[in-house]
Amino acid sequence: MIVPMKKLSVLLYHKEKQDFLKSLQEIGIIHIVENTEVEQPEAASETYQRANNISKTCARMVQILSKIAKEKDLALSQEKPATAVERNVFNILREFEAAEEKKEALQQNLSEIRKDINQLQPWGEFDPEVIGFIQKKGIKLRFFESTEKKFKQLKMDDFFYEIIHRDKSKVRFLVLEKERPFEADGANEVNLPLKSLQNLHQESERLEEESADIDKIFEKLAAHIDTLNECRVDNSNIATFATADLNMVNEIEDKVFSLTGWFPARREKAVNDFLDNYLCYYRIDIPEVNENVPILLKNNRFARLFEPITRIYSLPAYRELDPTPFFAPFFLVYFGLCLGDLGYGAITVFIATIAFFKGPKQYRNLYVIGLLLGGMTIVSGIALNSFFGQSIFYLKGNKEYFFRTESGEMMSFLGSFINAKKMTEFPAMGFAIFLGVVQVLLGIVLQCVNRIRQNGFVWGIHPASFFIIICGILFSIGIGSSNTGFKGITGIDISTYKLGAFQIGSWLTIPPQEFGLFLIVFGLVLMFLFNNPDKSIFIRPLFGLWELYGFATGIIGDILSYLRLFALGLASGLLGHAFNGIAFGFIENNIFPGIFATIALLIFAHTLNFGLAILGSFVHPLRLTFVEFYKNLDFEGGGKNYAPFLKEKV
């Protein structure tokens, strides 16, 4: 949900400005509104730029040195880091930057030397002075590469040449020219650096030693991580304070300043108590309709995990519903269906578990999401009857499976099987469409609620008409009472419909045929009369025609898009099964050494398939959320994150 906000407007006497801002930063509640019309004084701007640059530099240093300390397993606690008083932190900054600059120069030189070594290695050792002496005598040395076949075709009778190196792919040779140039048709000339391999290796070793000495400097500087972190926090707070100072508007000749901000409504008492301590005028208001209110999300522990996904697209507008708790369970199910394999789910859980205990603690929420997604994939893998592409339970028509049990058909209710007509049925296809209908209808309901909250009841009738029409269509395409013999306009008897082992059709309480037709007509009437409440009722039917066209062409495509949930799971399962057939073919056909080839191919193929599948399993649920669901939700977005003016602690 979106936390309710209130607007704060303050008029403050100039003598209390600095003390007021310091205390405001301490309580850390107010999100200060940026004022782009305020002219930035040079001193304040310089203060911000200097502090911001130092903070970023320290943050980068802490990140680099922390990585070095972790790799070298340095016992930092044994050497107490110097404070800013004992050792000027700027000396640490200068020492680090000097070492880093020298390290970069060494790495660049070392890279060039290694490149020369790799280029000269096939040609062997030679003395550059000897080559220089020969060239002074008017003899030119040229180096060539060619294939064995093209080398035999070269006309070299009138030239002195020497084969330097020969292997299966290339022939490397040297040609000496004095008067007539060598026509190198079929050979590529190589411009070698005229350097000694021995000297290059010696230079490389020297640079590596210097680089190691610089690494020792970094290891010593790692003892001052706490000092650098303190400096980062201090300068970050200075920069934040300077920004807040710039957003105080000069109202009366540097005597009175104003400030506008936002805070969570539940913190109103704390704000009142704080402001009562200052000689100021303040006013607290409820947000007006068109104001750009910062967004603070507050959800339960489960939905909170999916807030980063909400932020990928955009935060909702203040008067919208927070879509996070509504799409979170769908996203979880969609991911599981797309990956859809018990084995791949187990791998996902394993990786997420290792990351949870060994990875950076600031990303633990992401690791928990990984555990949930992996767990849902395991459940979906059982439901889809897939373990690394092989069937887990025997279903009708399965030739290869691990278990044959009566409960298998119930547990793998989405698994494919052969029906009485010898045709393959895919219950997962119907289940994907079912999920699409449910989420689209949920989006329309939320759109209706959003419009009623923002504009009033009349504005919610239009999206409600979509919901009514869809329900009417569902009742009319085949859901009819088996007692009356109604089979709908398509002639399909839904009463016999099954989802795997589940006799879903017989469980439904079916309304009569007339009810579905009534819903369609009633929904169309509402669509034509209430599509644009701000326009005349006489022209609304014209807009209704356009609305009907958009609805008819869009809603079918939206629902059919959910077939990707079935298609991706099926594709990864079939690909895994094909890899298994190829890999086990080495053993079955006694191809030596079969067992090693089988294991190697299984690892490589399933790693590749897992990587592709998990990528698609993340991207496509995102698409269904941000396109189909957000479209029917009529999601506006564009919210700005609530960022209170606060003092960061170390």
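The values are calculated or read from the model by the stated rules, or taken from the named source; none is laboratory data. Keep in mind that this is a model prediction, so the values were computed, not measured. Reconstructed Cβ throughout: ideal geometry from the backbone, glycine too, with neighbour counts over all protein chains shown.
Summary table
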read-out	value
Filtered residues of segment 270-315 (kept if of a type in the set (K, R) and closer than 20 Å to Y363 by Cβ)	R301, R304, R311
Restricting segment 262-310 to residues that are among the polar types (S, T, N, Q) and in a helix (DSSP H, G or I), the residue that is nearest to I30 (Cα to Cα)	N272
Sole residue being out of contact with any Gly (no Cβ under 9 Å at 6 or more places or on another chain), within 26 Å of G637 (Cβ to Cβ), among the hydrophobic types (A, V, I, L, M, F, W, C) and modelled with pLDDT of 90 or more, chosen from I295, I284, I354, I369	I369
Residue in segment 570-580 that is in contact with a Cys (Cβ under 9 Å, 6 or more places away or on another chain) and assigned to a helix (DSSP H, G or I) present	yes
V619 being closer than 30 Å to N290 by Cα, surrounded by fewer than 19 Cβ atoms within 10 Å (Cβ to Cβ) and under 21 Å from the mean Cα position of the chain (by Cα)	no
Residue count for segment 303-360, restricted to those that are in the same structural domain as Q454 (by TED's automatic domain parsing), in contact with a strand residue (DSSP E or B) (Cβ under 8 Å, 6 or more places away or on another chain) and among the small types (G, A, S)	1
Filtered residue count, segment 256-274, keeping only those that are hydrophobic (A, V, I, L, M, F, W, C) and closer than 16 Å to A244 by Cα	5
